[in-house]
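Worksheet: the structure to be examined is printed underneath.
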Amino acid sequence: KFYLSIIIFFFATLQSQAIENQNTSFKAKEPEYIPAYDFKLHLLQELTENDSLINLSSFRGSVVLINFWATWCGPCVAEIPEFNHFYDKYKDQKFEILSISISDSEKQLNKFVKKFPTNYKILFGSPDEIGVVVQNYGGFNSIPVSYLVNRDGMIVRGYPSAIVGE
């Protein structure tokens, strides 16, 4: 951590010096966000007896954390208590967590959530369905990976590792 702090301080100092040395005025640009890819996957905890498919677009107007994970992934399992806490704390403010299992079957997931209960939505699909979603979110090689989607359906932040601690 100490070395990381030094590196961050060093680059921040260089950046501020470069800005001071510019003869032109500096105007901050608004960040450019990309639209979140819409998908349709199965919901593990069914909302109704007849409706077990979830579309990302149906959560427009909510802040959504999309989390890619698997039951065999230790850091993914470590996120569950944090995600339960986040979801319970912010669900009344239109916050959702859509946790997409990249490799587990419905049977494996049902067995898993009996041991590790989740308060948020667990999604799954066929290997082909999951493969398409993963490719449309960057084709990452490790998990967990999460994306924060704003109320307008735009990805505003990516998390390339476990989200734990405050």
Exposure of TYR120 as accessible area (Å², to 10), given a probe of 1.4 Å and all protein chains: 10 Å²
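Can you tell me the alpha carbon radius of gyration of segment 29-97 divided by the globular rule-of-thumb value 2.2 N^0.38 Å?
Details: Rg = 14.2 Å, N = 69, 2.2 N^0.38 = 11.0 Å.
Against the empirical 2.2 N^0.38 Å value, I get 1.29 for segment 29-97.
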What distance in nm lies between label points placed 7 Å from Cα along the C-beta direction at ALA78 and LEU43? 3.1 nm
Too long for a 23 Å Cα-Cα cut-off, among LYS40/LYS107; LYS40/LYS89; LYS94/LYS121; LYS89/LYS121, are LYS40/LYS89
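Which percent of the Cα-Cα distances in segment 58-116 go past 15 Å?
Here the long-distance tail beyond 15 Å is 53 percent of all Cα pairs in segment 58-116.
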Can you give the translational diffusion coefficient of segment 57-166 in µm²/s, computed by Stokes-Einstein from the Kirkwood radius over Cα pairs at 25 °C and 0.890 mPa s? 173 µm²/s
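Could you list the square roots of 5 times each eigenvalue of the Cα gyration tensor of segment 82-139, that is, the equivalent ellipsoid semi-axes, sorted largest first and rounded to whole Å?
The answer is 23, 17, 7 Å, longest axis first.
The values are calculated or read from the model by the stated rules, or taken from the named source; none is laboratory data. Keep in mind that what you see is a predicted model, and the values were worked out from it rather than measured. Cβ coordinates were reconstructed from backbone atoms using ideal geometry, including for glycine residues, and neighbour counts include every protein chain displayed. These area figures cover heavy atoms from the full protein model, side chains too; ligands, DNA and RNA do not enter into them. Shrake-Rupley method; radii C 1.70, N 1.55, O 1.52, S 1.80 Å.
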